[in-house]
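Some notes on the structure that comes next.
Each value in this text was obtained by applying a stated rule to the coordinates, not by laboratory testing. This structure is a prediction, so every number in the text was calculated from the model and none was measured. Ideal geometry is used to build each Cβ from the backbone, glycine not excepted, and the neighbour counts take in all protein chains shown.
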Amino acid sequence: MCATYATNAALALVLAGALTGCTGSSGSDGDDDGKPGGSSASPTAAEPGKYRTLPKPCDVVPVSTLRQMLPGAAAAEKDGSASPDADRGPFEGEPSATYDTDRRVGCRWKDATTLSTRHLNVDFERVVSYDPAVSDDEQAEQLFAKKARKAGIPLSPDDADKESDDATESPEANTEDGKKHEKGDGSEEGDGATKGAKGDKEGKSGGVTPEGKSTPTDEADESATPQESGDPSSPAQNEDLAPRALEDIGDSAYIDDELHTADSGLHRDITLVFRTANVIATVEYDQWVTDKNRIPGSEDLQERARELAVQLAEQFED
């Protein structure tokens, strides 16, 4: 009798222990795969970017704007010499080659006349952050600031002070190669969309096409006028036209202006970059001339680049 009671008591203790073990294990069901960063321990993921798609770059620039920026194409349209095959006539752009059109797209236009040759390139980059602690917008802001620093554009008073100190310590930065503004270390960012437009400028002397045909007279193009080296239209002489940050386009923006004279064709390059949320847009607009007595003016080229950038930024806001 006593032996039977002891056996039953031991069996009860074993069953109680088994039940206790089952109850304890049920509390760890939320992390039963053993992966780190489970729902209870992982930080809150940063917000995704505002924009998930990019516009069609060759359609985003209004024809009315292209008429102003590409006077040779406008003249061809007026006299009927432009090809009627293209949907947008002489203003049909060429898409830039990119690796991923969900992340980057671009379009470029070329306009050759007897007085000058112009190139326009528009590029859109949708920035995506792969750091869960950094949002897409924050990542885009960091990338934009990096581009501005490379271009030597101060975005804050602290940046301006630092740039001034650097210029004092390194006077050799202001070389005599004809450039009005040095662009950081001279390197460029991008996956080739922007550089593709640069590469299209080989043999850029205006007036004759690669096929040997004469191009339309640039009657409306008065931006390249005889100028002296100390003319106020030079960014080096006019602070209003100097490379600088802009406050009225997108979330942040800057404009760069370079005059090149040390090659076969004198040209001025305008680069305007702006950020809206997680998209960085770049407008590159330049003018080449063969007559070095007709220097492309900053004011006209900058103004047209600004007007286009404002239009593009407004389309993102719609």
Nearest-0.05 FRET efficiency for Asp102 and Asp291 at R0 = 30 Å, using Cβ-Cβ distance, is 0.10
Computed on Cα atoms only, the convex hull of the range 244-316 has an orientation-averaged projected area in nm² of 5.0
Between the modelled labels at Asp59 and Ala133 (7 Å from Cα along Cα→Cβ) the distance in nm is 4.2
Beyond 25 Å (Cα-Cα) in this structure, taken from Lys146/Lys292; Lys110/Lys292; Lys50/Lys147, we find Lys146/Lys292
Length gained if Ala245 through Ser156 is fully extended, taking 0.36 nm per residue and subtracting the Cα-Cα distance, is 31.2 nm
Here the gain from full extension of Asn238 to Thr261, 0.36 nm per residue of separation minus their alpha-carbon distance, amounts to 6.4 nm
